[in-house]
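Values quoted throughout were computed directly from the atomic coordinates according to the rules given, and no laboratory measurement underlies them. What you see is a predicted model, and the numbers here were worked out from it, not measured in a lab. All Cβ positions, glycine included, derive from the backbone under ideal geometry; neighbour counts span all protein chains shown.
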Amino acid sequence: MQVCDYCGGKNTDEAANCSGCGNPLRELAASQNPKKSKGLAVFLALIFGPLGLLYLGGEGLMVVIFIAGLSFLLIPVLTAAAHFMNGFGLLFSLVGRLAAAWWASVAIDRQNANPDVPDAQDLLVEAAKLENQDFALAIAKYEEIIARFPKTTAATSARNCLQTLRGSQGQR
């Protein structure tokens, strides 16, 4: 039995979309976005340097484009200073590959973060949907956001929503 993240409706295990609201169900979306291998990402970055970051997808492509643009600016300067840099080419390459491997490791961890653990924005959306269904539960959800993410913009939004809800509760 799958429960819709948007409306809370119960659906069969085979359902791709919620029978109540029509939104895609999370389990199907998670299976369509497979996790990438951290070991492979680091290996590719060590072997191919920044080009290995293309394995990361869009984020890796942006890093490669940035490095390519930067190299177009630096190559003339480095070529002019080449006679001062004897032996530094290998060190420069090694440092670049290690930096790319570190970036790949961090990026894969971020991409493969557990989608079942809701972040602050997910909880804000959930709380907003609860306002029309269960007033007390919406207030509890906003308070949870403030407690779990105290110094974020999500907590500020939750505080504002709480003020509004408590103000409208007094008018009822």
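Things to note:
- Stretching V106 away from M62 to a fully extended chain increases their span by 14.3 nm, per 0.36 nm per residue minus the current alpha-carbon distance.
- Applying 0.36 nm per residue to the separation of D122 and T152 and subtracting their alpha-carbon distance, the gain on full extension is 9.4 nm.
- Cβ-Cβ FRET estimate between F43 and E144, R0 fixed at 45 Å, reported to 0.05: 0.65
- Estimated inter-spin distance, S71 and N17, nm [label 7 Å along Cα→Cβ]: 4.5
- Bridgeable lysines around K141 (alpha carbons under 18 Å apart, same-chain partners fewer than 8 residues away excluded): K129, K151.
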